[in-house]
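The values are calculated or read from the model by the stated rules, or taken from the named source; none is laboratory data. Quick caveat: nothing in here was measured; it's all calculated off a predicted structure. Heads up, the Cβs are rebuilt from the backbone with ideal geometry, glycines too, and the neighbour counts pull from every protein chain shown. Just the protein is used for accessible areas: all its heavy atoms, side chains included, with ligands, DNA and RNA removed. Shrake-Rupley method; radii C 1.70, N 1.55, O 1.52, S 1.80 Å.
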Amino acid sequence: MIWDKKLPDMIFKGINIRDELLRKRQLQHGAVHSLLSDVKNILKHSEEKDKQVLARLTTPNYTKPLPVSLRNYDPQRLFSKEEIHEICSRYRLRFLDSSYFKNEFPYDALAEINRFEKENGLTVEKFKMIAPPHLFKLEDRCKKDPLLFAQVGENSFYLLHQWGHDLAWYREWLVWPLKNIYTTAYALFALSFIITLITPLSWIIRNETNPEQILYYRIAYFAHTLIFLFGFTLFLGMTFRKNFSEQEWDNECFN
């Protein structure tokens, strides 16, 4: 075997600090580059998933949803169609497909959808929204705060996310007369009664009359006021084609 005199020099070569610094920098840059590449891939995958979710939220889906089995969910977030109907009718809200929602969906809503789908091993194809009518792109087919639901059955809806501000405390009382025909009648009776009470007697009777007949004049005035309010309300309803809240809660049209 021929002894190579250069071999010991190669094995016991001195350490050059500059070379060590450069080698350390290369290793660090390689690790950082690998980490950045992994982070970039994760962000790209997350962005693609968010785009897919957003497409499902904004694209109309007319297929009938199939019942799904939830394995990880909060029972307090599961609502029936009847419960939603009652709340929408009470506060004059709409319950429509998410594709009609005209505002932007917050990132938290997309993240909640991804989390819900991952935990339950499913893909939600149909989403619903509860919101005031002005937040929807309503269609004219007359020849404040949104809640996002996943439809998990024909009459079952799972609350995914809520954002925005609460409804005004007086909204229920403000829209109560518009709930149905009975509440409208009660409101008109009450309004007619109040108008009759606060109207000065001199406006009802021009000449002096027997005090015993005042009650009859008040009753007659109440009847005429009630008829006028009923007719005026009917005129407004037909002119602006307004329906009661119990009919409009899932209506996709303006009226």
Spin-label point model (7 Å from Cα, Cβ direction): what's the Ile198 to Ala223 distance in nm?
-> 2.5
Any residue on another chain or 5+ positions along whose placed amide H is under 5 Å from the amide H of Phe95 is listed here as Asp250, Asn251
Where does segment 71-225 land on Rg(C-alpha)/(2.2 N^0.38 Å)?
-> 1.62
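For the peptides 151-161, 69-79, what is the packing order when you average, over each peptide's residues, the other Cβ atoms within 10 Å and list the highest mean first?
Numbers: 151-161: 18.5, 69-79: 11.7.
Result, highest mean first: 151-161, 69-79.
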With all protein chains present, how much of the accessible area of segment 92-201 (probe radius 1.4 Å) comes from carbon and sulfur, to the nearest whole percent?
-> 59
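Quick check for you: with a 1.4 Å probe and neighbouring chains kept, what is the accessible area per residue of segment 48-155, in Å²? Don't skip to the answer; put the middle values down first.
On the way: 6180 Å² over 108 residues.
On a per-residue basis, 57 Å².
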